[in-house]
Amino acid sequence: MSSLPPIVLVHGIRLSHAEWTAETAQLREHGYRVDAVDLPGHGSRRGQPFTLDGAIEVITRSIDAHGEPALLVGHSLGGYLALAAAARHPDLLAGLVVTGSTAIPSKIFAAPFLGGYHALNRLPNRGDTASQIAMRLTAPPPAARAIIDNGIATEVIPDVVRDIVAFDPLAAARSYPGPTWYINGRHDHFRIHERRFLRASRDNGRAAELRIVPGAGHYLPLTHAAVFTTHLEGIAAGIRG
């Protein structure tokens with residue numbers, strides 16, 4: 001068993017394992033075993049139906065493949081799914097990192113996603129060109145190219161919204177007994193309930209920490225990959241330290 005825990009990375013809505021291009025390169029260079037999954041309906045699993053249960057199965061299979069507890073890291077949609085997986089299978093985790101996933105899902109929460117889905121579907125090629133342009137404007141070129149090459153899965157939005165709106169992430173946060181870190185960009189609109197998540201994770205004296213990255217927004221792992229990876233390395237080293 002390595003002195004460093006394996007790290008499993010879970011991407012955001014419409015993206016793929018390619019979201020973590022910069023993080024996986026830096027972590028592997030520094031000796032970490034890393035797996036960035038593709039969720040159902042995304043990346044190599046595009047065309048598969050998205051369900052919460054199916055996503056949790058993908059995540060837990062990835063951890064199981066390492067044969068020991070992992071540091072589970074999720075961004076945006078991936079953060080909610082990481083919370084869900086942690087609550088169901090706490091024995092599989094050495095720790096949990098959630099980023100850009102501290103807004104409580106609701107119908108109001110869902111409206112912009114569904115509105116964006118319908119707007120993109122009215123564009124030529126269902127908005128794929130627009131999505132690619134937006135990604136090139138958001139992410140550094142290597143990550144943007146990798147994400148585009150692996151596909152941007154706009155078609156999954158309704159199924160994702162259906163299952164995430166029905167999910168209670170605060171209950172999951174209370175249920176997971178292990179250490180939890182919330183890392184948000186200062187300008188992320190998904191910070192809105194971060195203190196409630198932190199309190200939920202600290203119930204009964206459990207360890208939880210909130211970290212804010214200056215200058216970053218919702219796409220923190222893409223726009224500030226080196227900073228984010230440094231946080232992950234410090235957390236992982238502390239778990240085994």
Any idea what angle helix 128-138 forms with the longest principal axis of the chain, computed on alpha-carbon atoms, 0 to 90 degrees, nearest 10? 50
Counting alpha carbon pairs within less than 8 Å and at least 6 residues apart, what relative contact order, in whole percent, applies to the chain? 24
Largest-first principal axis extents of the Cα set of the stretch 113-241 (Å): 53, 34, 24
How high is the relative contact order of the stretch 75-141? Use alpha-carbon pairs under 8 Å, at least six apart in sequence, and give a whole percent. 25
Using Cα pairs closer than 8 Å and at least 6 residues apart in sequence, work out the relative contact order for the stretch 1-96, in percent. 33
Can you give the extra length, in nm with one decimal, that the chain gains between Asp203 and Ala166 once fully stretched, where that is 0.36 nm per residue apart less the Cα-Cα distance? 11.1 nm
Measuring from label point to label point, each 7 Å out along Cα→Cβ, what is the Lys107 to Glu68 span in nm? 4.9
Using a Gaussian network model of the chain whose springs link C-alpha atoms within less than 10 Å, name the residue from His66, His89, His30 with the highest mean-square fluctuation. His30
When Lys and Arg each count +1 and Asp and Glu each count -1, what net charge do the other residues less than 12 Å away from Trp20, Cβ to Cβ, add up to? -3
Does anyone have the angle between helix 141-150 and the longest principal axis of the chain? Alpha-carbon axes, 0 to 90°, nearest 10? 70
1.4 Å probe accessible area per residue over the stretch 1-151, in Å²: 41
About its Cα centre, the chain carries a charge dipole, from +1 on Lys and Arg Cβ atoms and -1 on Asp and Glu Cβ atoms, whose size in debye to the nearest 20 is 580
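The values are calculated or read from the model by the stated rules, or taken from the named source; none is laboratory data. As the structure is a prediction and not an experimental result, all values here were calculated from the model. Quick reminder, even Gly has a Cβ in these numbers, built from the backbone with ideal geometry, and neighbours come from all protein chains shown. Note: accessible area is taken over every heavy atom of the protein model, side chains too, but ligands, DNA and RNA are not part of it. Shrake-Rupley method; radii C 1.70, N 1.55, O 1.52, S 1.80 Å.
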